[in-house]
Amino acid sequence: MSVLTVATRGGALAIAQTEYVVATLKKIHPGIEIEIKQVTTTGDRDRRTALWNLKATGFFTSQLEDVLAAGEADFAVHSFKDLPTAERDGLTIAAVFDRNFVEDCLVCDSPIDSIEQLPKGARIGTSSLRRAAQLKHLQPDLEPTPIRGNVQTRLKKLESDDFDAVLLAHAGLKRLGLDDRISLVFDPSEFIPAPAQGALAIQTRANDTETNALIAAIDDDNARTTTTAERKILTTMQCGCHAPVGAYAMINGSEIEICAFISDLHGQNYIARQVTGPIAEAENLAEHLAQDLLNAGGKQILATLEK
């Protein structure tokens, strides 16, 4: 068997995620050899600009896709929430893997039971308009403040800069072994995550049948179903990656429950909807939910954001 090359970002979290994928593949395919190729993305180069001010899409993924499309790697590992919904020609998602700990969480100096226990006017470090809008919706006096850098850098900024807390993805902290730092984990049906948050997307060239067959062994049907439904919210609303929009799908037996929201930047015009139905209808349910959000005022919110 020839040696495979996997492309990944070079940060600690990306490497940890990729090493986990590689270890899992080696267990399933004994004797397989995989080399890791680190790639620097646009988002890694620019660590000063707030993410909501970066106009392009794919700033954490496009360079990985370039390497893959050029044949310089056989597959790439992405945090699925970072991938644009428009799939690049010639590439495919061969596996959706390890979707656990989808929630957002707060890290602050001490454990808290709710955000109401934060100081009035607390400065919360986040690089996400989705998170910032939900914070303002739940607690209007809070001050979401742009923060950049990898997970460890953000935690250090909590200690050295004037932040009362930082808002991060539970999955990232867990994969880095830093989940003991978590002060509060949000209920994902109340503080709604980004579409596909917590999942890893293993991307390949669509015509590479041998690699696709190898990678397919770690595909998770439930994770693919829920993330596809969540990303359908984005494609239906045509809202891109910068709008304050969240979506969360959960499978219960033969049914799927999907909840989603759209908000203005300040969390004042906050519209949320929920739907439950058969798993086989997941994408249709998601599309109808997204249309409901648009008709309930989401179109006006998006029009305002585009100005």
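What follows draws every value from the coordinates through simple rules; no lab data is involved. None of the values given here were measured: they were computed from a predicted structure. In this analysis, Cβ positions are derived from the backbone assuming ideal geometry, glycine residues included, and neighbour counts consider all displayed protein chains.
Each of Pro146, Gly253, Ala194 was placed along the dipole of the chain (beta-carbon charges, centred on the mean Cα), and the one lying farthest toward the positive end is Pro146.
Rounded to the nearest 20, the size of the Cβ-charge dipole of segment 231-305 about its Cα centre is 220 debye, with Lys and Arg at +1 and Asp and Glu at -1. Checking every one of the GluC sites (Glu not before Pro) in segment 202-307 against DSSP loop status and a limit of 16 other Cβ atoms within 10 Å picks out Glu306.
May I ask you to work out the translational diffusion coefficient for segment 235-280 at 10 °C, viscosity 1.306 mPa s, via Stokes-Einstein with Rh from the Kirkwood sum over Cα pairs, reported in whole µm²/s?
Taking Rh from Cα pairs, D becomes 134 µm²/s.
Gaussian network model of the chain, Cα springs within a sub-10 Å range: biggest mean-square fluctuation belongs to which of Gln268, Gln117, Gln139? Of Gln268, Gln117, Gln139, the Gaussian network model singles out Gln117 as fluctuating most. Based on Cα contacts under 8 Å between residues 6+ apart, the chain shows a relative contact order of 20 percent.
Take the Cα radius of gyration of the chain and divide it by 2.2 N^0.38 Å, N being the number of residues; the result is 0.99. Eigen-decomposition of the gyration tensor built on the alpha-carbon atoms of segment 206-307 gives equivalent ellipsoid semi-axes of 29, 17, 10 angstrom, largest listed first.
Fewest first, what order do Ser62, Ser263 take by the number of other Cβ atoms within 10 Å? Ranking Ser62, Ser263 by Cβ neighbours within 10 Å, fewest first, gives Ser62, Ser263.
Compared with the dominant Cα axis of the chain, that is its longest principal axis, helix 151-160 is turned about 30°. Put the Cα centre of segment 234-307 next to the Cα centre of segment 25-40 and the gap is 37 Å.
Its DSSP H runs of at least 4 residues, each contributing -39,500 (n - 2.57), put the calculated 222 nm mean residue ellipticity of the chain at -9500 deg cm²/dmol, to the nearest 500. Size descriptors for segment 104-185 (Cα atoms only): Rg and Dmax, in that order, 11.5, 32 Å.
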